[in-house]
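Reading through the structure tokens given below for one structure.
The values are calculated or read from the model by the stated rules, or taken from the named source; none is laboratory data. As the structure is a computational prediction, the values presented were derived from the model and not from experiment. Ideal geometry is used to build each Cβ from the backbone, glycine not excepted, and the neighbour counts take in all protein chains shown.
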Amino acid sequence: MPHGCENAPQPGAFTLGYILATNVAPIKTFDPSPATGQPIELREGRYGPYVTDGDTNASVPKDVALDDVTHELAVRLLAERAAAGGGKRRRKSARRR
């Protein structure tokens, strides 16, 4: 091994998921959410832009420009998403033999 490469990561050590998860900074940060008290963030995700308050994620509609997302719009999107429910997957119970 060449000198100085002892601490280099091994090939394949970082997956795409790891890189995306650790290298994501919010596009915008808004005032805290009335529901959770945590700051609301506008982020770019795998399926497009979304807002999150730490507990709930809500997609930003495609017809809304990122510059047009305001705190009020983010709160409304998060409230609509929370009211819609869903999104949490249940574990299938073990098959009985």
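Of the residues screened, Arg46 is not one that is surrounded by fewer than 10 Cβ atoms within 10 Å (Cβ to Cβ) and at pLDDT below 75.
Which residues, counting only those in the stretch 59-86, are touching a residue at least 24 places away in the same chain (Cβ under 8 Å) and more than 15 Å from Pro34 (Cα to Cα)? Leu66, Val69, listed by residue number. Screening Phe30 on (1) more than 13 Å from the chain's Cα centre (by Cα); (2) in a strand (DSSP E or B); (3) farther than 20 Å from Ala83 by Cβ shows it passes everything except condition (3).
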